[in-house]
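Notes to accompany the following structure.
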Amino acid sequence: MAHVAEVMVRFGDKVICPKDPSYSTVSPKVAKWSPFFDGCIGAIDGTHIEIVANKESKEDMRNRKGFTSFNVLAIVDHEMRFTFVGSGMSGACHDMYILRECQTKPTFPKPPAGMFYAADSGYQLAPGYLTPYKNTRYHLQQLVDVGPSTWEEKYNHDHASIRNVVERTFGVAKNRWQMLDGIPFYKRETQSSIIIACCALHNYLVERKAAKEPQEQGTPVNCAFLEWLGEMPVQEMRDWIRTGVAYIDPKGMPTL
């Protein structure tokens, strides 16, 4: 198992990466909000993968829900491809700690200026990482049941709709590879490699399916626009996007 996992990790080095590292087009998946989410190049989140740990490390690996796990960070694009997977860190670690560790890795795809990942409230609002407004409704189901009634809730609804791609990608991968429901006992490095292998195989299947079906093409990015956006303080940028998406669909919103 260890040898197979190592081989698949090398395969993962080739397929778990941005398909277009220059991010030269705006994804059709965010076109309905154009130009306000044109800079969104994917979504980021963590998920707990249960593992069997040895006695010595069991307490260190126990997460807040009480089971031993890796807190696995993933970045996905709008086509449900993993572009980065950070595996092997304890389930006891906070999402922001995991992110900071992953940012030190040479393969981590840092967002260019003016571009960003949609991230949930477990992360800090920062250049390259756009989070929801706090102290108001955010979860998608809440806003589907009763529609947004403030600018912040409208932004949170649209942001959650975009960010949902990472949750759906985790769900598809876990349904495909039942081992992700619980990694048996191996060396920690091997357990981590198994997770990378599953994500690599997921990407292979996504690409294989895409090759057989016509794909909607994105529009070229407006580099000057994104450069202007990148010069804004991140809080101001989020407020600008909030106002913009309220203009696109003002139903139920306060008067602008």
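The values are calculated or read from the model by the stated rules, or taken from the named source; none is laboratory data. The structure presented is a predicted model; accordingly, all values stated were derived computationally and were not measured. Quick reminder, even Gly has a Cβ in these numbers, built from the backbone with ideal geometry, and neighbours come from all protein chains shown. Keep in mind that these areas ignore ligands, DNA and RNA; they rest on the heavy atoms of the full protein, side chains included. Shrake-Rupley method; radii C 1.70, N 1.55, O 1.52, S 1.80 Å.
Per DSSP H run of n ≥ 4, the term is -39500 (n - 2.57); total these for the chain, divide by its residue number, and report the mean residue ellipticity at 222 nm rounded to 500 deg cm²/dmol. Walk me through the intermediate numbers first.
Values: 8 runs with 107 residues, N = 256.
About -13500 deg cm²/dmol.
How would Glu152, Glu56 line up by accessible area, probe 1.4 Å, largest first?
Working: Glu152 55, Glu56 150 Å².
Descending order: Glu56, Glu152.
Can you tell me which of Asn175, Asn63, Asn71 moves the most in a GNM of the chain? Springs connect C-alpha atoms under 10 Å apart.
Asn175
Note down the accessible area of Met96, probe 1.4 Å, to the nearest 10 Å².
Probe radius 1.4 Å; accessible area of Met96 about 20 Å².
Could you work out which residue, out of Trp228, Trp177, Trp151, moves most in a Gaussian network model of the chain, that is, has the largest mean-square fluctuation with Cα springs under 10 Å?
Maximum fluctuation in the GNM of the chain, among the listed residues, is at Trp228.
Given R₀ = 35 Å, what would the calculated FRET efficiency be for Lys212 paired with Asn63, taking r from the Cβ atoms and rounding to 0.05?
Values: r = 39 Å, r/R0 = 1.11.
E between Lys212 and Asn63, to the nearest 0.05, is 0.35.
So what is the relative contact order for the chain, in percent, with contacts set as C-alpha pairs under 8 Å and at least six apart?
Averaging sequence separation for qualifying contacts and normalising by length gives 28 percent for the chain.
Where is the GNM fluctuation largest for the chain (alpha-carbon springs, 10 angstrom cutoff): Ser69, Ser27, Ser57?
Ser57
Could you sort Glu101, Glu153 by their accessible area in this structure, using a 1.4 Å probe and putting the largest first?
Glu101, Glu153
Of Lys110/Lys154; Lys65/Lys105; Lys187/Lys209, which sit over 31 Å apart, Cα to Cα? Write out the running numbers ahead of the final one.
Working: Lys110/Lys154 27 Å; Lys65/Lys105 28 Å; Lys187/Lys209 34 Å.
Listed pairs above 31 Å: Lys187/Lys209.
Please report the accessible area of Ser22 (heavy atoms, 1.4 Å probe, ligands and nucleic acids excluded) in Å², nearest 10.
Result for Ser22: roughly 80 Å² accessible.
Over the chain, how many percent of alpha carbon pairs lie in each 5 Å bin up to the one with the longest distance?
1, 6, 12, 17, 18, 16, 12, 9, 5, 3, 1, 0, 0
Heavy atoms of the protein only, probe of 1.4 Å, neighbouring chains included. What is the accessible area of Val30 in Å², nearest 10?
0 Å²
Counting heavy atoms of the protein chains only and a 1.4 Å probe, report the per residue accessible area for the chain as a whole number of Å².
Result: 52 Å² of accessible area for each residue.
Give the aspartates and glutamates whose C-alpha is closer than 14 Å to that of Lys29, dropping any in the same chain fewer than 8 places away, or say none.
Partners within reach: Asp38, Asp77, Glu79, Asp158, Glu216.
Which order do you get for Thr104, Thr83 if you rank them by accessible area with a 1.4 Å probe, largest at the top?
Result of the area sort, largest leading: Thr104, Thr83.
Under the classification rounded if a/c is under 1.5, otherwise prolate if a/b is larger than b/c and oblate if not, where does region 21-168 fall, given a ≥ b ≥ c as square roots of the Cα gyration tensor eigenvalues?
Oblate, because a/c is 1.5 or more while a/b does not exceed b/c.
Per q in 0.19, 0.20 Å⁻¹, report the Debye log10 I(q)/I(0) for region 120-213, using one uniform scatterer on each alpha carbon and no solvent.
Rounded to two decimals, the profile gives -0.95, -0.97.
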